[in-house]
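The structure under discussion appears below in the form of structure tokens.
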Amino acid sequence: MLKEIFEQPTTIYDCLRGRLDAAAGTITMAGIQQYADQIINANRIVIIACGTSWHAGLVAEYIIEDLCRINVEVEYASEFRYRNPVINKGDVIIAISQSGETADTLVAIESAKEKGAIILGVVNVVGSSISRASHAGAYTHAGPEISVASTKAFTAQLTVLMMIALKVGYMKGTLSSDRYRRLLNELDAVPEKAAWVLNHHDHIKAIAEKYKDARDFLYLGRGYNFAIALEGALKLKEISYIHAEGYPAAEMKHGPIALVDENLPVVFVATKDMYHEKVVSNMQEIKARKGKLLAVITEGDEMSKSICDDVMIVPETDEVIAPLINVIPLQLLSYYIGVAKGCNVDMPRNLAKSVTVE
Ligand code: M6R
């Protein structure tokens with residue numbers, strides 16, 4: 001798992017390579033290009049996936065709606081396949097899967113296909129069942145992911161989904177040329193920024209030692225970072241067996257805040273974005289209730305640093321691109337907590353790498 005976490009600057013670079021040309025201002029994705037008109041004119045996009053891939057879909061929902069002004073719904077494949085979803089001809093389905101063999105996702109796309117939907121696969125394993133069942137799509141090129149907990153496949157999925165959103169938004173005219181160019185440059189700079197975060201792993205290891213005996217964790221984030229809070233909580237559960245929940249930060253007052261006491265570490269994904277002020281006020285509410293406050297924050301954000309017990313610092317980037325970098329310290333935190341507790345982080349109990357059964 002550690003090897004795969006540390007491969008991310010390379011895997012993100014490999015995913016961008018041959019597609020994104022920041023100097024020329026172009027994104028080349030043949031599979032997407034082929035269905036560009038249908039995507040641009042889609043009434044809605046439905047994203048189907050499971051687990052970590054579902055979290056990538058949730059980040060994509062926020063980005064596609066923002067940049068492309070297309071209605072997006074994100075569905076758990078296991079729910080989608082058994083209910084009777086409304087699929088209209090011309091709906092575009094994006095199926096996300098690392099393995100390309102997840103039974104729930106595969107069956108869900110087969111049934112959507114029968115109803116006339118266009119299926120785009122965002123898949124890691126070349127030639128897998130989901131890639132073959134899709135009309136088109138884009139491979140994530142993360143290389144083989146062996147560890148059960150998905151890390152580099154997730155950031156590669158986000159990279160592909162961000163490129164799709166940028167390309168479609170620009171072609172559709174909902175994303176201005178200036179912002180498009182700025183986001184291309186930011187995406188291009190992610191491998192370097194991911195490497196910067198990884199170089200600070202010792203600091204995160206020390207934080208893990210400090211909190212490894214906690215019984216529960218709460219992860220909070222808003223907007224683009226809401227799904228990153230969910231992913232942080234899932235990763236911790238999977239490999240350390242500590243109970244962890246992720247919530248939209250503003251939702252905590254509707255229930256989860258009752259859990260907060262001096263024993264509960266609360267991890268905020270609190271990088272600088274349009275929600276930042278509100279997130280800081282959510283952090284203050286946790287502090288007032290004596291919760292242990294941890295946060296992923298932007299380099300130079302001294303104010304957030306001053307109210308937290310511990311911080312994981314990431315370099316500044318555009319808020320649309322930030323989830324791609326913000327998840328990395330949370331992967332490291334889970335990894336080091338799992339190791340400190342003596343867990344088999346590569347093969348956690350009760351889990352399989354590909355879930356090919358219902
Ligand atoms: O291969 P897939 O991306 O379709 O797998 C989906 C989930 O089973 C997977 O993401 C699972 O949640 C991972 N263990 C997460 O780390």
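Being among the β-branched types (Val, Ile, Thr) and under 19 Å from Leu230 (Cβ atoms) is the filter here, so list the residues in the stretch 275-296 that pass it. Selection gives Val279, Ile286, Val296.
For beta carbons closer than 7 Å, sequence separation of 6+ or different chains, a first residue in the stretch 96-122 that is assigned by TED's automatic domain parsing to the domain that holds Ile39 and a second that is among the basic types (Lys, Arg), the qualifying pairs are Ser99/Lys353; Asp104/Arg81; Val107/Arg81; Ala108/Arg81; Ser111/Arg81; Gly116/Lys89; Ile119/Lys113. Entry remark, the stretch 125-169: residues being within 11 Å of the ligand (Cβ to nearest atom) and free of Cβ contacts under 8 Å to residues at least 60 places away in the same chain number 4 in total. Would you tally the residues in the stretch 225-248 being surrounded by fewer than 19 Cβ atoms within 10 Å (Cβ to Cβ) and either part of a loop (DSSP other than H, G, I, E, B) or within 16 Å of the ligand (Cβ to nearest atom) (or both)? Going through the stretch 225-248 one residue at a time, the tally reaches 3. Within the stretch 1-13, the set of residues being over 18 Å from Leu166 (Cα atoms), assigned to a helix (DSSP H, G or I) and not hydroxyl-bearing (Ser, Thr, Tyr) comprises Leu2, Lys3, Glu4, Ile5, Phe6, Gln8, Pro9. Just one of Val279, Val267 is touching a residue at least 40 places away in the same chain (Cβ under 8 Å), assigned to a helix (DSSP H, G or I) and surrounded by 13 or more Cβ atoms within 10 Å (Cβ to Cβ); which is it? Going through Val279, Val267 in turn, the sole match is Val279.
What helices (runs of 4 or more DSSP H) completely inside the stretch 26-100 contain at least 2 residues that are more than 16 Å from Ile164 (Cα to Cα) and within 16 Å of the ligand (Cβ to nearest atom)?
Counting at least 2 such residues, we get 51-68, 77-80.
Condition first: among the polar types (S, T, N, Q) and buried (at least 24 other Cβ atoms within 10 Å of the Cβ). Now tell me which residues in the stretch 135-162 satisfy that. Those that are among the polar types (S, T, N, Q) and buried (at least 24 other Cβ atoms within 10 Å of the Cβ): Thr140, Ser150, Thr151, Thr155, Gln157, Thr159. For the stretch 62-97, a residue qualifies if it is in contact with a strand residue (DSSP E or B) (Cβ under 7 Å, 6 or more places away or on another chain) and surrounded by fewer than 18 Cβ atoms within 10 Å (Cβ to Cβ), and the qualifying residues are Glu65, Asn71, Glu73.
Selection over the stretch 320-357 of residues that are within 30 Å of Gly223 (Cβ to Cβ) and part of a helix (DSSP H, G or I) gives a count of 17. Residue count for the stretch 6-25 satisfying the condition of being away from the ligand (no atom under 16 Å from the Cβ) and under 30 Å from Gly246 (Cβ atoms): 8.
Residues that are surrounded by 18 or more Cβ atoms within 10 Å (Cβ to Cβ), touching a strand residue (DSSP E or B) at 6+ places or on another chain (Cβ under 7 Å), not β-branched (Val, Ile, Thr) and not in a strand (DSSP E or B) occur at least once in the stretch 210-224. Glu251 falls short on exactly one of the conditions (1) away from the ligand (no atom under 16 Å from the Cβ); (2) touching a Phe, Trp or Tyr at 6+ places or on another chain (Cβ under 8 Å), and that condition is (2). Taken together, Arg19, Arg83, Arg44 contain a single residue that is in the same structural domain as Thr140 (by TED's automatic domain parsing) and either free of Cβ contacts under 8 Å to residues at least 12 places away in the same chain or aromatic (Phe, Trp, Tyr) (or both), which is Arg83. For the stretch 337-354, the criterion of being away from the ligand (no atom under 16 Å from the Cβ) and buried (at least 18 other Cβ atoms within 10 Å of the Cβ) is satisfied by at least one residue. When the stretch 105-124 is filtered for residues that are within 14 Å of the ligand (Cβ to nearest atom) and out of contact with any Asp or Glu (no Cβ under 7 Å at 6 or more places or on another chain), the ones remaining, listed by number, are Thr105, Leu106, Val107, Ala108, Ile109, Gly121, Val122, Val123.
The values are calculated or read from the model by the stated rules, or taken from the named source; none is laboratory data. The structure displayed is predicted, hence computed values, not measured ones. Using ideal geometry, Cβ is built from the backbone for each residue, glycine included, and neighbour counts are taken over all protein chains shown.
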